[in-house]
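The values are calculated or read from the model by the stated rules, or taken from the named source; none is laboratory data. Since we're looking at a predicted model, the values are computed, not measured. Here the Cβ positions follow ideal geometry from the backbone for every residue, glycine too, while neighbour counts run over all protein chains shown. Note: areas computed on protein heavy atoms with side chains; ligands, DNA, RNA excluded. Shrake-Rupley method; radii C 1.70, N 1.55, O 1.52, S 1.80 Å.
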Amino acid sequence: MAVMKEKNTDSTIRILDQATVNQIAAGEVVERPASVVKELVENAIDAGAHSIRIDLATSAEGIRSIQVIDDGCGMSPADALLAFTPHATSKIHRIEDLYHVHTLGFRGEALASIAAISRVTLTTRLRAPGIIAGTKVVVEGGKILQTCDIGVPEGTRVLVQDLFFNTPARKKFQKSKNTELAHIYSLLEGICLAHPEISFRIVTNGNQKLMTEKSPRILDTIARIYGSDTVKELIPVNLVLPFAKISGYISRPSLTRKDPSQIMVVINRRYVSSTIINGAAKQGYGTVLPKDRFPIAFLFLTIDTELVDVNVHPAKKLVRLSKEKEIALSLTEAVNTVLLHHDLIPGIQTPSRSHPNKSDIETEADADQLYDFRTPAPSGVSETTHAGTLTTDRQLRQTELVTGMVPLETKLPVLEVIGQFGGIYILATTDTGELVVIDQHAVHERILYEQVIASTAGDHCSQELIVPFILHRSMHEAAVLRDLLPALAPAGFIVEEFGKDTFLVRSIPVVLGKLENMSLIDEMVNDLVSEEPSGAVNNRERITRIIACRGAIKAGTVCTMEQCQRLVQQLRYAKNPFTCPHGRPTIVRFTRSDLDGMFKRI
Ligand code: ADP
Ligand code: MG
């Protein structure tokens with residue numbers, strides 16, 4: 001307001017000087033030190049470099065300097081100066097070129113922006129016959145301080161120091177040295193993956209942090225960055241979808257993360273972040289993964305450049321896809337199909353195998369619990385009661401009755417039951433000479449779950465009870481149940497309100513078979529009206545899971561050998577035999593060498 005008062009006669013609008021304009025632009029392009037690394041490395045890649053070296057130096061306060069050295073095409077003396085001018089680029093000429101961009105850069109603002117807020121020293125020499133001298137340019141806060149000839153190798157070296165020296169506000173926003181380094185490393189991991197044809201070397205304070213070799217095999221690069229333990233858990237993906245070609249790798253369900261940060265997406269050789277693609281990949285796992293876990297994936301998409309808008313983000317982190325929904329949907333289906341055709345039985349962690357992120361790996365933690373021999377194990381041989389055997393028989397028959405079932409082509413090995421342990425686990429051997437342990441409840445739950453889904457797709461999912469079952473509920477529970485009635489009907493439960501807080505259950509799902517014990521209905525309703533802790537799945541899915549869980553053979557039920565064999569046989573009809581509907585494993589595998597390792601026979 002004070003400004004307005006002082007000058008009310010002439011115009012108050014003024015055209016900003018170029019230095020201010022550049023600093024403002026830099027605010028968008030250079031958010032943090034990792035942005036500088038990104039722009040410099042992308043320029044080196046665009047220059048056709050075969051090898052790129054990144055040198056970082058830190059001080060107590062943060063990142064002190066960033067240097068990127070490449071053996072790319074280099075620049076002439078004139079270009080070396082022009083490169084620092086805003087909107088100066090050699091990569092596009094006209095707006096139409098944006099739809100055919102094959103380079104990572106095209107906006108012509110990175111070097112100008114970086115130089116506006118730091119001190120940049122660039123040395124370069126054109127890769128061309130007869131050129132012997134190179135050029136050095138020093139720019140500080142957007143001002144050219146020095147240009148001269150210099151003897152340097154072919155290629156370009158850019159050194160950035162004193163980042164944000166003239167934009168103190170931005171400097172204050174920088175996080176700790178380690179946070180900034182973490183951002184830089186994670187960015188570089190993505191870039192290394194997107195360009196396996198280039199060898200990268202990353203050095204921090206003189207220590208080599210990562211080195212990748214040029215390799216046509218992306219798996220080599222993945223192994224370099226994430227280790228061979230990760231590589232062992234990957235399944236290849238190679239697909240031609242209507243609007244995109246996808247290649248890469250996805251993790252088995254035994255290897256997961258708590259967030260999607262390790263779903264790496266590369267679109268047309270550009271490492272990008274895409275919540276849509278991340279979501280589509282996760283969705284493809286369906287119930288194979290718990291809902292709060294994410295796979296690791298390396299997805300390389302090749303999409304017609306006309307369908308990709310690269311000019312939607314100043315730092316080019318995001319792209320816009322014009323067939324985004326279609327691509328996401330087909331990716332989900334594709335991931336699902338790939339998983340269905342793989343043997344997903346997790347192995348056991350032997351003492352010789354170590355993993356850097358052990359606590360982060362769901363099934364390994366589960367496996368540890370299962371085989372903690374310090375806790376006293378329940379007796380291995382128990383007696384089954386006559387009534388128990390009959391109930392189990394009925395439950396098994398129910399999941400055998402569904403008509404039109406054909407064994408599915410999953411990678412489940414041929415299994416031969418050798419016994420049951422603790423009334424919980426079925427022990428079996430595979431045709432490939434391994435020992436597997438099967439969670440009988442989880443397995444039956446999986447089979448039932450798939451049958452509920454299949455049966456509710458048709459009209460005959462419901463069976464009428466000869467005598468309707470009466471349910472009394474508290475006022476609160478009755479209110480919850482009332483809301484659920486519309487979702488219960490398609491699942492086969494016909495429930496009607498019958499006076500105050502009382503309900504009449506007229507029909508139940510066919511898949512539950514003939515119930516001798518009506519308390520099962522009571523248990524299911526208890527599950528339904530009790531608060532869902534994370535509330536992430538819809539009512540329909542919840543109901544399906546509850547029917548599967550309550551209808552399945554319980555843990556602690558002693559089964560005969562024949563019953564165990566029948567249950568294992570039924571698993572052949574499941575699309576996803578390897579996990580229960582909550583994403584926990586149904587089968588764990590011990591190879592001969594796993595056991596040898598445990599007994600220190602190696
Ligand atoms: P953009 O990459 O969008 O074109 P930049 O400001 O990043 O814009 O770079 C400007 C120009 O400088 C580039 O178009 C390129 O011609 C040249 N350039 C920058 N870095 C390099 C490099 N490492 N090797 C060769 N040329 C480079
Ligand atoms: Mg650039």
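Before moving on, here are some points about what is shown:
- Per residue, the convex hull around the alpha carbon atoms of the range 448-593 comes to 149 Å³.
- Distances between placed amide hydrogens fall under 5 Å for Gly556 paired with Ile424, all partners being 5 or more residues away or on another chain.
- Remark: the range 231-243, residue by residue, has Karplus-estimated 3J(HN,Hα) of 4, 4, 9, 9, 10, x, 10, 8, 9, 10, 9, x, 10 Hz, where x stands for each Gly or Pro and the curve is 6.51 cos²θ - 1.76 cosθ + 1.60 at θ = phi - 60°.
- Restraint check, Lys136/Lys172; Lys38/Lys177; Lys209/Lys245; Lys177/Lys214, Cα-Cα greater than 21 Å: Lys136/Lys172; Lys209/Lys245; Lys177/Lys214
- Between the range 549-583 and the range 81-138, the Cα center-to-center distance that results, in Å: 63 Å
- Entry comment: accessible area of the range 18-210 is 46 Å² per residue, from protein heavy atoms only and a probe of 1.4 Å.
- As a rough guide to protection, the peptides 173-185, 316-328 ranked by mean Cβ packing within 10 Å, highest first, stand as 316-328, 173-185.
- Gyration tensor verdict on the range 18-210 (Cα atoms; rounded if a/c is under 1.5, prolate if a/b is larger than b/c, oblate otherwise): rounded
- Assuming charge only on the beta carbon of Lys and Arg (+1) and of Asp and Glu (-1), the dipole of the range 35-178 about its Cα centre is about 540 debye to the nearest 20.
- Per residue, in Å², the accessible surface of the range 212-315 once ligands and nucleic acids are set aside, probe 1.4 Å: 41 Å²
- Spatial offset of the range 443-499 relative to the range 505-520 amounts to 9 Å, using the alpha carbon center of each.
- Å³ per residue enclosed by the Cα convex hull of the range 233-340: 89 Å³
- Taking the square roots of five times each eigenvalue of the Cα gyration tensor of the chain, the equivalent ellipsoid has semi-axes of 60, 30, 21 Å, listed largest first.
- Positive-end extreme of charge dipole, the chain - chosen from Thr430, Leu528, Ala169 (charges on Cβ): Ala169
- The modelled label-to-label distance for the pair Thr85/Asp393, using points 7 Å beyond Cα in the direction of Cβ, is 9.2 nm.
- When the solvent-accessible area of the chain is split by element, carbon and sulfur atoms take up 55 percent of it, the probe being 1.4 Å.
- Backbone N under 14 Å from the Lys171 label point (7 Å along Cα→Cβ), restricted to the range 41-78: 59-65
- Global geometry of the range 50-112, whether rounded, prolate or oblate, following the gyration tensor of its Cα atoms and the 1.5 cut on a/c: prolate
- A dipole drawn for the chain from +1 and -1 charges on Cβ atoms has a positive end, and of Ile466, Ile92, Gly206 the residue lying farthest that way is Gly206.
- Electrostatic dipole magnitude of the chain [Cβ: Lys, Arg +1; Asp, Glu -1; Cα centre; debye, to 20]: 1420 debye
- Partners for Lys258 among lysines (Cα-Cα distance below 19 Å; same-chain residues under 8 apart left out): Lys282, Lys291, Lys358
- Solvent exposure of the range 387-590 as accessible area per residue, Å², 1.4 Å probe: 46 Å²
- Helical content of the chain, expressed as a calculated mean residue ellipticity at 222 nm, amounts to -10500 deg cm²/dmol (DSSP H runs of 4 or more residues, -39,500 (n - 2.57) each, divided by residue number, nearest 500).
- Anisotropy class of the range 120-189 from Cα gyration tensor, a/c 1.5 cut: oblate
- For the chain, the longest principal axis of the C-alpha atoms and the axis of helix 18-29 are separated by about 20°.
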